[in-house]
Ligand SMILES: [Zn+2]
C-alpha cells in the first residue's frame, strides 16, 4: 500500500466515525460540536443529569471523564435523588466510556480485560451480585487494573415489578459483594433492562450510587454478528458517548471479538476511552 492509499484509508475511517457522531442527534450536539471545533464543553449535557435549576446548586455535581488512572478512591457522599439516569458524560475532548453488563463471566470477561489491558484503557463493568459472588477473582482483577465496577442488582430482575424492600435487597447485597471482592462500594448503579423507577433512584442515592444508563446500545445480546456490533459502536461514536455491551448472559463471543476490532479503531480516530468521575462543582 502506498502512503497515499494509507492516508486515504485513515481519512475514510475517521470520516466514517465523524458521520456516525453527527447521527447521534440533538442530545449529543454540544459534544459533537466540541470535537469539531475543539472548544471545551463546560456544562452538563442535556437530558443526562440534573435539571438546570439543580445544576446551579453548589452541591450538584456532574460527570466528567476520568483522565487519571484507577477508580476514584474517595466516595463523594450521598448523591441527589435523580429523576432520570445519566445517558452520557460531559467534559473536554473526545472521551468515550465503554460499559459491560451482567457479568462477570469467566468465559468472556477475562478476554475483555485482556483486550482493555493490551490498549491500556479503563472501562466500567456493571456486575450482577450473583455472578460477582461466584467470580470474585475477576472483580479483584478489575480493581487491580483500574476498572470501575458498578451495581447491576443481584439477579437482574425487572425492578418496576418489585417491592421497595426487594429492590433494596437486590441493590444492597450487590454493594456488599462488590465491596468484599473489589475493595470499594460501588458509586454507580444501572437498572436491568434500563427500567428505572422512583424507588430505584431513591435507594440508589441512599446507597451512595449515581444512575448511569447509556448513549449507544450495541444490542450485542441479540448476537447480530461481530461486524454489526462494531458498526453500531463506530456509527455511534461521539464525545461523551457511553457504550453498552455485555460480558455475560449468553454466548458473548461476538462482543469479545467486536471489542478487539473497534477499540483500536476508536483509539486511532482520536478517542480517549475512559471512566466517568463523580465530581462536585
Ligand atoms: Zn443487564
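Residues are listed down the side, and each one gets a yes or a no for (1) away from the ligand (no atom under 14 Å from the Cβ); (2) free of Cβ contacts under 8 Å to residues at least 40 places away in the same chain:
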residue	(1), (2)
159	no, no
169	yes, yes
175	yes, yes
191	no, no
196	no, no
209	yes, no
214	no, no
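Could you check the range 99-127 and list, in sequence order, the residues that are within 15 Å of residue 276 (Cβ to Cβ), in contact with a helix residue (DSSP H, G or I) (Cβ under 8 Å, 6 or more places away or on another chain) and either within 16 Å of the ligand (Cβ to nearest atom) or not in a loop (DSSP other than H, G, I, E, B) (or both)?
Filtering the range 99-127 for residues within 15 Å of residue 276 (Cβ to Cβ) gives 99-100, 121-126.
Pick out the ones that are also in contact with a helix residue (DSSP H, G or I) (Cβ under 8 Å, 6 or more places away or on another chain) and you get 100, 121-123, 125.
100, 123, 125 - these are the residues of the range 99-127 that are within 15 Å of residue 276 (Cβ to Cβ), in contact with a helix residue (DSSP H, G or I) (Cβ under 8 Å, 6 or more places away or on another chain) and either within 16 Å of the ligand (Cβ to nearest atom) or not in a loop (DSSP other than H, G, I, E, B) (or both).
The residues listed here are 181, 200; of these, the one that is more than 19 Å from the chain's Cα centre (by Cα), away from the ligand (no atom under 13 Å from the Cβ) and surrounded by 18 or more Cβ atoms within 10 Å (Cβ to Cβ) is 181. One residue is enough: does the range 142-154 have a residue meeting the conditions within 15 Å of the ligand (Cβ to nearest atom), assigned to a loop (DSSP other than H, G, I, E, B) and in contact with a strand residue (DSSP E or B) (Cβ under 6 Å, 6 or more places away or on another chain)? Looking through the range 142-154, at least one residue is within 15 Å of the ligand (Cβ to nearest atom), assigned to a loop (DSSP other than H, G, I, E, B) and in contact with a strand residue (DSSP E or B) (Cβ under 6 Å, 6 or more places away or on another chain).
Taken together, the values in this text are just the output of simple stated rules run on the coordinates, not laboratory data. Nothing here was measured: the structure is a model prediction, and the numbers come from that model. No Cβ is skipped: glycine too gets one built from the backbone with ideal geometry, and neighbour counts run over all protein chains shown.
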